[in-house]
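Here is the structure we will look at, set down as C-alpha cells.
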Amino acid sequence: MTKFNKFYQQIATNRLSHWLTTLPAQLSHWQSNNLHGEFKHWQKTLDALPLASNAQVDLVNSVTVGKEEDFNAGEHKRLESLLKKLKPWRKGPYHIHGLHIDTEWRSDFKWDRLAEHISDLSDRYVLDIGCGSGYHLWRMRGAKAKFVVGIDPTQLFLMQFNAIQHFIQDDSVNLLPLGVEDLPELKAFDTVFAMGVLYHRRSPIDFLYQLKSQLVKGGELVLETLIVEGDENTVLVPGERYAKMRNVWFLPSSQAMCAWLERCGFTNIRVVNTDITALEEQRKTDWIDTESLSDFLDPNDSSKTIEGYPAPQRAIFIANS
C-alpha cells in the first residue's frame, strides 16, 4: 500500500525487518475493508493543507512548528478551518505556525510527570501502544529516540497524526492503524509505552504479556493506567460505565498492578507517579465539541464519577522485561 511504502523500506534495513512477513498484508486488508466513511473527506483535508518551507521544529519543549509570520492572514484562517475539520482533537497540544491546537488533554502534563523517570531514549527503538494522534511520539523523538512507532486503530487519530507529520516531515516517527492484538511477537523495542490502555482491555494479564513480547530482553515498559486505593487484592470492576466510558474493565490498586507485572515476569517494578486527573488537564476546548472531565464527575462531589465510583486517579509504572 503506497501510503506505508516508505515505512516498509525503512524497516527492511533495521531490526524490525521480520515484521514485513505480516505487516503489509495486514495494512492492505485494512485499506480494502475497514476505511471510515469520512476517510476520503479527511484525506482531502490533508491534501489541502498549506506548507511553509524550512520551518523550525521544536520537539524538545513542545510540539511546535514554524512561526506565525510564516503564513499570511488568509492562510492562517484556512489552516485553522482545515484542521478543525479533523475534530475532535483529544491529545496535544500542538502549535502549528502560530495556530494553537488546544486539545482536550494537556498531554504535555503527563510527559512532564514521566520524563524524568524513564531511561534515556537516545538511539532507542520505541513503541507507543494506543498512541492517539501521536503527541507523545513527537516528544519521544524530541528526547532523541532513534525510531518511533505508534499504533492506534482509530482512523481519525491517524489522519490527525498525518496532519502534524505534514508539517514536521520526520520519517523516523510513524503511526500505524493497528491494535495491540494485531502485533506479532516482535521482541525488538527498547522501550514500550502503554498509557491509558490497560483499563480498556478485557484481559489485563494477556495485555501485559503482549507488551512484554514487543520488548528486547531487559527492555523498559512504561505503563500508565487508572487505579483505585487498596491493597494487592483490590481491583474495581465497574458496571456498564465508568466516568461515562463504556469500555472500562479493570481498575487495580497500585499494589495489585505491581503484582500483575511481577506475575507476568517483569522485574525492577516501581510506581513513579500517582496523580488525580485535574480539570486543568482534561477539559472542553474549541477543538473537541464533546463532553469532557467536568461532565464525567458528580456535580456535587468531584471525588466521585457521575456513577459514584472514585474519580479518575492515574499511576505510572516502570518495569523491565
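Computed values, structure above
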{"read-out": "Boolean, Lys146 is under 26 Å from Thr274 (Cβ atoms) and basic (Lys, Arg)", "value": "no"}
{"read-out": "Strands (runs of 3 or more DSSP E) fully within segment 186-297 counting 3 or more residues that are open to solvent by less than 20 Å² (accessible area, probe 1.4 Å)", "value": "189-195, 215-227"}
{"read-out": "Residue, farthest from Gln56 (Cα to Cα), within segment 66-75, restricted to residues that are at pLDDT below 95 and open to solvent by less than 70 Å² (accessible area, probe 1.4 Å)", "value": "Gly74"}
{"read-out": "Residues located in segment 298-320, provided they are assigned to a strand (DSSP E or B), charged (D, E, K, R) and farther than 25 Å from Tyr94 by Cα", "value": "Asp298, Asp301, Lys304"}
{"read-out": "Residues of segment 163-176 that turn out to be open to solvent by 10 Å² or more (accessible area, probe 1.4 Å) and under 27 Å from Asn247 (Cα atoms), as a count", "value": "1"}
{"read-out": "Among the residues listed as His95, His76, His100, the single one being more than 18 Å from Tyr135 (Cα to Cα) and out of contact with any Lys or Arg (no Cβ under 9 Å at 6 or more places or on another chain)", "value": "His76"}
{"read-out": "Answer from Leu236, Leu261 - the residue that is closer than 24 Å to Leu211 by Cβ and in contact with a helix residue (DSSP H, G or I) (Cβ under 7 Å, 6 or more places away or on another chain)", "value": "Leu261"}
{"read-out": "Which listed residue, of Val228, Val222, is under 20 Å from Phe109 (Cβ atoms) and in contact (Cβ under 8 Å) with a residue 12 or more places away in the chain", "value": "Val222"}
{"read-out": "Those residues of segment 134-157 which are over 26 Å from Glu116 (Cβ atoms) and among the aromatic types (Phe, Trp, Tyr), in sequence order", "value": "Phe157"}
{"read-out": "Top-ranked residue in segment 113-136 [being open to solvent by 10 Å² or more (accessible area, probe 1.4 Å) and outside any loop (DSSP other than H, G, I, E, B); ranked as nearest to Ala188 (Cα to Cα)]", "value": "Tyr125"}
{"read-out": "Any hit, segment 129-137, residues being more than 22 Å from Leu23 (Cα to Cα) and either modelled with pLDDT of 95 or more or not aromatic (Phe, Trp, Tyr) (or both)", "value": "yes"}
{"read-out": "In segment 137-153, the residues that are touching a Lys or Arg at 6+ places or on another chain (Cβ under 7 Å) and part of a loop (DSSP other than H, G, I, E, B)", "value": "Ala145, Lys146"}
{"read-out": "Flag for Gln160 being outside any loop (DSSP other than H, G, I, E, B), open to solvent by 40 Å² or more (accessible area, probe 1.4 Å) and either over 24 Å from Leu114 (Cα atoms) or at pLDDT 95 or above (or both)", "value": "no"}
{"read-out": "Failed criterion for Asp108 (all others in (1) more than 15 Å from the chain's Cα centre (by Cα); (2) open to solvent by 10 Å² or more (accessible area, probe 1.4 Å); (3) not hydrophobic (A, V, I, L, M, F, W, C) hold)", "value": "(1)"}
{"read-out": "The lone exception for Asp301 - which of (1) buried (at least 16 other Cβ atoms within 10 Å of the Cβ); (2) out of contact with any strand residue (DSSP E or B) (no Cβ under 6 Å at 6 or more places or on another chain) it fails", "value": "(1)"}
{"read-out": "Conditions (1) open to solvent by less than 20 Å² (accessible area, probe 1.4 Å); (2) among the small types (Gly, Ala, Ser); (3) farther than 19 Å from Arg113 by Cβ; number of the one not met by Ala311", "value": "(3)"}
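The values are calculated or read from the model by the stated rules, or taken from the named source; none is laboratory data. Owing to the predicted nature of the structure, the values given are computational and were not obtained by experimental measurement. All Cβ positions, even for glycine, are placed from backbone atoms using ideal geometry, and neighbour counts span all protein chains on display. All accessible areas refer to the heavy atoms of the entire protein, side chains included, with ligands and DNA or RNA removed. Shrake-Rupley method; radii C 1.70, N 1.55, O 1.52, S 1.80 Å.
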